Amino acid sequence: MLALGAALSIVGSVLRYIFAALAAGAAVVLGIATLPLVTAPPLTVVAGVVAEKTGLAGDDALHDLVAAITPTAWPAIALCCWVLLLAAAVFTAVTARRWKSGGRRYRTDDAPHETTQGPLDAVDSWDDLSRGTDPTR
């Protein structure tokens with residue numbers, strides 16, 4: 001998500017909408033996955049894994065093992081982060097058209113070429129190659 005956010009500063013408006021949709025989709029999926037950790041009691045969240053690892057079955061047998069689990073605030077913090085990510089994705093989608101362009105540094109179209117007179121040094125030759133011209137002509 002951090003890379004997606006960083007890329008928003010250099011992409012065009014079409015990719016901003018695509019990135020906003022990707023971020024919103026990720027926020028929804030991660031929020032749905034995190035919600036049971038926040039709302040359900042610890043026994044229902046870990047019962048399947050504990051039963052598989054210990055071989056015990058039934059809520060009574062698992063309750064004694066799980067009773068010692070103290071939930072932390074991290075699932076709630078993660079859920080808040082996914083809500084914030086969804087809000088940022090919606091904000092991006094709503095305001096993407098008004099953002100400034102990434103600048104000509106990132107464009108691949110032909111820029112006007114400067115013509116220089118006189119001898120070229122090695123740096124000028126490399127610059128000509130970067131612009132797509134043959135410095136040996």
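Any read-out appearing in this document is the output of simple, stated calculations on the displayed coordinates, not a laboratory observation. This structure is a prediction, so every number in the text was calculated from the model and none was measured. Don't worry about glycine lacking a Cβ; one is built from the backbone with ideal geometry, like all the others, and counts go over all protein chains shown.
Tabulated data for the structure shown
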read-out: Gain upon complete extension [residue 134, residue 39; 0.36 nm per residue less C-alpha separation]; value: 27.7 nm
read-out: Calculated FRET value between residue 66 and residue 26, using beta carbons and R₀ = 41 Å, to 0.05; value: 0.85
read-out: Three-way shape call for the range 1-58 based on the alpha-carbon gyration tensor, with the a/c threshold at 1.5; value: prolate
